[in-house]
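The values are calculated or read from the model by the stated rules, or taken from the named source; none is laboratory data. On a predicted model such as this, the values are computed, not experimentally measured, just so you know. Just the protein is used for accessible areas: all its heavy atoms, side chains included, with ligands, DNA and RNA removed. Shrake-Rupley method; radii C 1.70, N 1.55, O 1.52, S 1.80 Å.
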Amino acid sequence: MPRYEEVELRRDCEVVEIPYGNTITLPAGTPLVITQALGDMYTVQAPTIGGLYRLAAKDADAIGKQPPAPAAARAGQAAAAPVEEAAVWEQLRCVYDPEIPVNIVDLGLVYDLRIEPAEGGSRVYVAMTLTAPGCGMGPVIAEDAKRRIESLPGVVEAIVDVVFDPPWNPSMMSEAARLELGMD
């Protein structure tokens with residue numbers, strides 16, 4: 001049984017409405033319940049307002065959590081070694097759908113990953129899908145994947161395309177994901 005944590009928003013904070021993808025500002029003092037804290041993002045429920053919201057890692061302090069350490073300055077990153085595919089997959093395993101406690105790799109949402117040489121380093125291309133085509137969170141999830149990939153030394157650009165062919169279905173999930181969601 002998941003354990004939810006009740007907190008109060010310490011300052012005005014921009015959040016993204018789930019599943020619509022709209023950005024709104026919740027005022028300081030809003031009571032929240034943290035329903036998911038995975039991949040350094042938070043899914044919160046606002047019982048007095050209604051709805052679920054995604055709170056970015058950079059705003060973790062607004063709910064009394066430690067924000068992640070700042071990424072190294074991209075200008076200083078060396079491209080001495082090629083970008084390893086395993087490192088890209090590791091970053092993608094830190095990206096979560098805010099409504100499902102399983103990363104996008106184990107959900108079977110990543111259809112293609114390619115690393116190509118680029119001036120000054122590597123360009124990474126990812127094709128991914130969503131569990132539902134109408135999900136407004138698609139751009140938010142894709143941007144999270146892009147940000148994480150671009151944090152890797154040697155990556156000069158990440159391109160993350162959301163595609164819907166072939167359509168996603170639960171059989172694409174890993175065995176671990178099915179177990180986590182109680183589907184096996």
Applying the Karplus parametrisation 6.51 cos²θ - 1.76 cosθ + 1.60 with θ = phi - 60° to the phi angles of region 89-94, what ³J(HN,Hα) value in whole Hz is obtained for each residue in order, glycine and proline being reported as x?
-> 4, 4, 5, 5, 6, 9
On the protein heavy atoms, probe 1.4 angstrom, tell me the percent of accessible surface of the chain carried by carbon and sulfur.
-> 52 percent
Can you run phi through the Karplus equation (6.51, -1.76, 1.60; θ = phi - 60°) for region 102-118 and list ³J(HN,Hα) in whole Hz, with x for Gly and Pro?
-> 9, 5, 5, 6, 5, 6, x, 8, 8, 9, 8, 9, 9, 10, 10, x, 9
Relative contact order in percent for the chain (Cα pairs under 8 Å, 6+ apart) equals 19 percent
Roughly how tilted is helix 138-150, in degrees to the nearest 10 and between 0 and 90, from the longest Cα axis of the chain?
-> 50 degrees
If you roll a 1.4 Å probe over the heavy atoms of the protein chains, what accessible area per residue do you get for the chain, in Å²?
-> 53 Å²
